[in-house]
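S.K.: What follows is a structure written as structure tokens; I'll ask about it next.
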Amino acid sequence: MDDTQMTSDSILESVEEENKEENENKKRRPLAKLCILKNEHIPETELPLFLGDNVLGRDPNTCNLLLSATSISKQHATIRLSVYRRRGRRNDADMEALIWDLGSMNGTRKGHFKLTPNVRYALSEGDSLVVADIPCQYVSFTKHSPVSHGQ
């Protein structure tokens, strides 16, 4: 019996590379934003939210969404964005947004409800959040609200 010969996977590798690049580009595009509303501690602003974990806090080494108010913990809360394809529909996808408090000193609220640390809660379009004492609003970029690049 002859030995199995090695085949070239150059076509497969190039397709895999293209898919990898496409996924990286999707990761870099904001899928939602966290609007920081008027407060006494930090200026109003919009923080872009990307696919995966978006960690809010004061520590620039471990957080990608920095909130510099002293009431905010070093690692305060996480917002995770996930995208799921609908079965049978190639171009249709659903986004899931979850938030959880990381055991912060001053807590996180969704509406009037204080989040239990390390328990994940679903976020919906327009949800009001209070991170310590910083009021915020969650806004997703849907087909009806395009991403604005001139923030």
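A short reminder: the numbers here are calculations on the coordinates, not readings from a lab. Note that the structure is predicted; figures quoted are calculated from it, not measured. Glycine also receives a Cβ, built like all others from the backbone with ideal geometry; neighbour counts cover every protein chain displayed.
S.K.: In whole Hz and in residue order, list the ³J(HN,Hα) couplings for region 58-70 that follow from phi through the Karplus curve 6.51 cos²θ - 1.76 cosθ + 1.60, θ = phi - 60°; x for Gly and Pro.
M.R.: 8, 7, x, 7, 10, 10, 9, 10, 8, 10, 8, 6, 5
S.K.: Using the per-residue mean of other Cβ atoms lying within 10 Å as a proxy for protection, in what order, highest first, do the peptides 123-130, 52-59 fall? Please list the in-between numbers first.
M.R.: Values: 123-130: 15.9, 52-59: 18.2.
Order by mean packing, descending: 52-59, 123-130.
S.K.: Roughly speaking, what is the stretch gain from E96 to V139, that is 0.36 nm per residue apart minus the C-alpha to C-alpha distance, in nm to one decimal?
M.R.: Values: separation 43, 0.36 × 43 = 15.48 nm, distance 1.24 nm.
Length gained between E96 and V139: 14.2 nm.
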